[in-house]
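Asks: Here's a structure for you.
FYI, it's all coordinate maths here, none of it is from the lab. These figures come from a predicted structure and were not determined experimentally. Cβ: placed from backbone, ideal geometry, glycine included. Neighbour counts: every protein chain shown.
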Ligand SMILES: [Zn+2]
């Protein structure tokens, strides 16, 4: 299915886009993240910690999705001080 | 309280004179004096928060100076908490500033934050932040997470049982403990300023934003709504593993 993905933070710089449409073979956010990371291997290292939301609410990779949902993908939480 | 010294900020309707009086009765605890903690302490003392404890165990190092604007080269090698206490007490003698030399551990954190209205995160590691999160949720004390990396900063106010806690978003927190964290020198004061604004709003009983992210290089300000995770082992199930 096709899923609309909004990007936050430096993921916008990496892709040069605010929004993407990804073709996903699967029905969870994990599938979306995998497709996205495959296209941008530079972020493979942080894949596990990518922040995701569905329809504007933070969620986890196992959340199921359907066509029409808007997913956001953001870089992980930062820890310096 | 000398109302006159705050005249210009009392004119701001979001704060006003009533708010200023409320702030003068509040107690804030800042854990960690890095780029965030030092700048947040500086801001809150000037703003007129009644009393502020600043907890840190480290000495000032030359590599701190690019991001901690209140210190100078002469402070090198001295205890950050003690120099900060001295400097900030001179800034505002109406505020009680206490620099406390302490490395925060599971044994001492509860007593350190006992009377806090809000705890500010000035740490540079997730281990201590999760400790703060647990003690805050357990004792129903609000706290404000803030973190920085390169040109990006994040802030999230946490009101136990009302807003998501740090554990609710732990899936998105890397457990990286390696190496020095790169930070542009002018980033921390900006993120500290956002952290302090959220602190003032908390102290005045106002609504907070969710997770705020600011990229100072690309001038990008973003905010993500986050809902509490009812299954969260900390704020949902109240299983405190660290304290
Ligand atoms: Zn939680």
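Asks: Which whole number in µm²/s is D for the stretch B:52-119 by Stokes-Einstein, with the Kirkwood Rh taken over Cα pairs at 20 °C and 1.002 mPa s?
Replies: For the chosen part, D equals 165 µm²/s.
Asks: With only alpha-carbon pairs counted, each pair once and no self-pairs, how large is the Kirkwood hydrodynamic radius of the stretch B:3-224 in angstroms?
Replies: One over the average 1/r among Cα pairs gives 17.5 Å for the stretch B:3-224.
Asks: Taking 1 over the mean of 1/r across every pair of different Cα atoms in chain A, what Kirkwood radius in Å do you get?
Replies: Answer for chain A: a Kirkwood hydrodynamic radius of 12.6 Å.
Asks: What do you get for the angle between helix A:29-39 and the principal long axis of chain A? Use alpha-carbon atoms, 0 to 90 degrees, nearest ten.
Replies: In chain A, helix A:29-39 runs at an angle near 60 degrees to the longest axis.
Asks: I need two numbers for the stretch B:1-100: Rg to one decimal and Dmax as a whole number, Cα atoms only, in Å.
Replies: Final numbers for Rg and Dmax: 14.1, 43 Å.
Asks: Over the protein assembly as shown, what portion of Cα pair distances is larger than 30 Å, expressed as a whole percent?
Replies: 36 percent
Asks: For the residues B:126, B:1, B:156, what sequence is obtained by ranking on other C-beta atoms within 10 Å, fewest first? Don't skip to the end; give the middle numbers.
Replies: Details: B:126 21, B:1 15, B:156 28.
Listing B:126, B:1, B:156 from fewest to most nearby Cβ atoms yields B:1, B:126, B:156.
Asks: Now a separate question. For the residue pair residue A:25 and residue B:91, what label-to-label distance in nm results when each label sits 7 Å from Cα along the Cα-to-beta-carbon direction?
Replies: Calculated label separation equals 5.8 nm.
Asks: For the stretch B:3-224, what relative contact order do you get, as a whole percent, if you take Cα pairs closer than 8 Å and at least 6 residues apart?
Replies: It comes to 21 percent, rounded to a whole number.
Asks: Next question, about the same structure. When you have a sec, figure out the Kirkwood radius of the stretch B:117-243 from all distinct Cα pair distances and drop it here in Å to one decimal?
Replies: 14.9 Å is the Kirkwood radius here.
Asks: How many Å³ per residue does the convex hull of the Cα positions in the stretch B:75-185 occupy?
Replies: Convex hull of Cα atoms, per residue: 143 Å³.
Asks: When only C-alpha pairs under 8 Å and at least 6 residues apart count, what is the relative contact order of the stretch B:68-176, in percent?
Replies: This gives 16 percent for the stretch B:68-176.
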